[in-house]
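Read the structure below first, then the notes.
The values are calculated or read from the model by the stated rules, or taken from the named source; none is laboratory data. Only a predicted model underlies this, so the values are computations on that prediction, with no experimental measurement involved. As a convention, Cβ positions derive from the backbone with ideal geometry for all residues, glycine included, and neighbour counts pool all protein chains shown.
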Amino acid sequence: MFANYKPNARFTELFRRSEKNPILTASDWPYPVNAVFNPGAIRLSDGQTLLLARVEDRSGISHLTAARSHDGVTNWQIDPQPTLAPDPKNYPEEEWGVEDARIVFLAELEQHAVTYTAYSARGPLVSLALTRDFKTFQRRGMIMEPEDKDAAFFPRRIGGRWTLIHRPVMPGSSADVYVSFSNDLQHWGDRTLLLASRRGNWWDANKIGLCSPPIATSEGWLMTYHGVRKTGAGVIYRMGLALLDLEDPTRVIRRGDEWIMSPREEYEIIGDVGYVVFPCGQVVDEPTGEIRLYYGAADSSIALAHGNINEVLDWLLKK
């Protein structure tokens with residue numbers, strides 16, 4: 001887990017945007033769609049990178065479609081039809097679509113856990129599907145009632161239980177990040193506040209949520225999260241960092257005060273929802289510490305940024 005971590009202060013930007021950005025747009029899709037964004041990501045056993053993109057069709061309803069690439073940047077092979085489509089007949093909570101998948105490989109089960117947002121008149125909630133091949137899915141349905149979203153598992157049991165990061169919103173409360181625990185992936189309890197949104201004029205005031213699934217490092221679980229800044233002209237979605245204890249993820253070791261990624265490029269500023277960078281997945285190369293961070297840009301396209309665990313930890317631990 002990156003045991004050779006060494007501080008390195010010789011950098012100016014933690015995540016550097018790919019020259020190929022945006023790497024996927026609606027025009028790349030094999031069937032007519034309005035927008036593609038907010039992809040979950042995983043490296044498959046054959047070395048390919050798989051993205052499970054949120055795809056909004058021309059009726060406004062979202063589904064999930066897989067795209068595969070050998071280098072994780074170019075030559076994407078996209079499923080010719082939706083990979084995981086809403087099934088409101090059997091899962092009425094999906095009536096208005098399924099969105100924003102996070103993917104974590106659970107080695108104990110030898111399956112990938114896909115947590116995603118199901119949306120209906122009841123509001124957004126967290127649903128779960130398990131898969132070995134991203135072709136067939138064992139749908140487990142709702143695991144967190146509305147309003148809840150932005151959820152991902154830790155890849156292994158902690159203290160004998162599965163642990164889930166998620167973002168419930170109780171009536172009259174702000175949007176904060178919690179962790180909950182389960183013995184069976186279905187029934188959850190011991191909900192604990194993990195990160196509270198700040199107040200006032202902070203970039204992450206009043207509304208925050210998990211970005212990509214947590215990454216195990218020698219210093220702790222590295223967590224990316226988004227903060228939403230409300231302005232007179234609208235909202236701005238930015239990304240920040242926190243570090244959690246490896247054996248007790250309810251303990252926050254460090255939280256960065258500054259955002260580390262903010263909309264600035266045209267494809268991040270202009271789109272269906274402007275001024276948004278919203279990662280839902282990453283691929284990490286353990287020998288080098290390279291992170292490929294995949295994010296939705298302005299709710300319209302998929303973009304990529306490159307980072308390094310060493311640089312990220314150095315920045316965070318010096319704060």
Completion exercise
Out of (1) touching a His at 6+ places or on another chain (Cβ under 9 Å); (2) touching a residue at least 24 places away in the same chain (Cβ under 8 Å), the one GLU290 does not meet is (2)
Practice task
Restricting attention to the stretch 154-184, report how many residues are under 20 Å from LEU246 (Cα atoms) and not small (Gly, Ala, Ser).
Solution key: 16
Exercise for the section: Return a yes/no flag: does the stretch 61-68 have any residue that is at pLDDT 95 or above, over 23 Å from PRO155 (Cα atoms) and surrounded by fewer than 12 Cβ atoms within 10 Å (Cβ to Cβ). Expected result: no
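Regarding LEU304, is this residue modelled with pLDDT of 95 or more and farther than 25 Å from ALA35 by Cβ? Before you say what the answer is, go through the steps one by one.
Values: modelled with pLDDT of 95 or more: yes; farther than 25 Å from ALA35 by Cβ: no.
Here the answer is no, as LEU304 does not meet what is asked.
Which residue out of LEU125, LEU109, LEU51 is within 18 Å of PRO213 (Cβ to Cβ) and touching a residue at least 24 places away in the same chain (Cβ under 8 Å)?
On the way: LEU125 fails: within 18 Å of PRO213 (Cβ to Cβ); LEU109 fails: touching a residue at least 24 places away in the same chain (Cβ under 8 Å).
Among LEU125, LEU109, LEU51, only LEU51 is within 18 Å of PRO213 (Cβ to Cβ) and touching a residue at least 24 places away in the same chain (Cβ under 8 Å).
If you take the residues of the stretch 225-248 that are at pLDDT 95 or above and part of a loop (DSSP other than H, G, I, E, B), which of them is farthest from ILE158 (Cα to Cα)?
Filtering the stretch 225-248 down to residues at pLDDT 95 or above leaves 225-228, 236-248.
From the residues that got through so far, the ones that are part of a loop (DSSP other than H, G, I, E, B) too are 245-248.
Details: ASP245: 11, LEU246: 9, GLU247: 6, ASP248: 8 Å.
This residue is ASP245.
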Practice task
Would you mention how many residues in the stretch 113-132 are surrounded by fewer than 20 Cβ atoms within 10 Å (Cβ to Cβ), touching a strand residue (DSSP E or B) at 6+ places or on another chain (Cβ under 9 Å) and not small (Gly, Ala, Ser)?
Solution key: 3
Problem - Residues of the stretch 180-201 satisfying the condition of being in a loop (DSSP other than H, G, I, E, B) and surrounded by 12 or more Cβ atoms within 10 Å (Cβ to Cβ) - result: ASN183, LEU185, GLN186, TRP188, ALA196, SER197
Fill in the blank from the handout: Subset of the stretch 63-84, residues free of Cβ contacts under 8 Å to residues at least 40 places away in the same chain and either under 21 Å from ALA305 (Cβ atoms) or among the hydroxyl-bearing types (Ser, Thr, Tyr) (or both), comes to THR65, ARG68, SER69, HIS70, ASP71, ASN75
Completion exercise
Sole miss for ILE143 among (1) more than 14 Å from the chain's Cα centre (by Cα); (2) part of a strand (DSSP E or B); (3) farther than 20 Å from ASP184 by Cβ is condition (3)
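Working carefully through the options LYS89, LYS6, find the one that is among the basic types (Lys, Arg), surrounded by fewer than 20 Cβ atoms within 10 Å (Cβ to Cβ) and modelled with pLDDT of 95 or more. Explain how you work it out, then say what you get.
Working: LYS6 fails: modelled with pLDDT of 95 or more.
Exactly one residue qualifies, and that residue is LYS89.
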Problem - Residues that are in a loop (DSSP other than H, G, I, E, B), farther than 24 Å from GLU311 by Cα and without any contact (Cβ under 8 Å) to a residue 60 or more places away in the chain, drawn from the stretch 249-273 - result: ILE270, VAL273
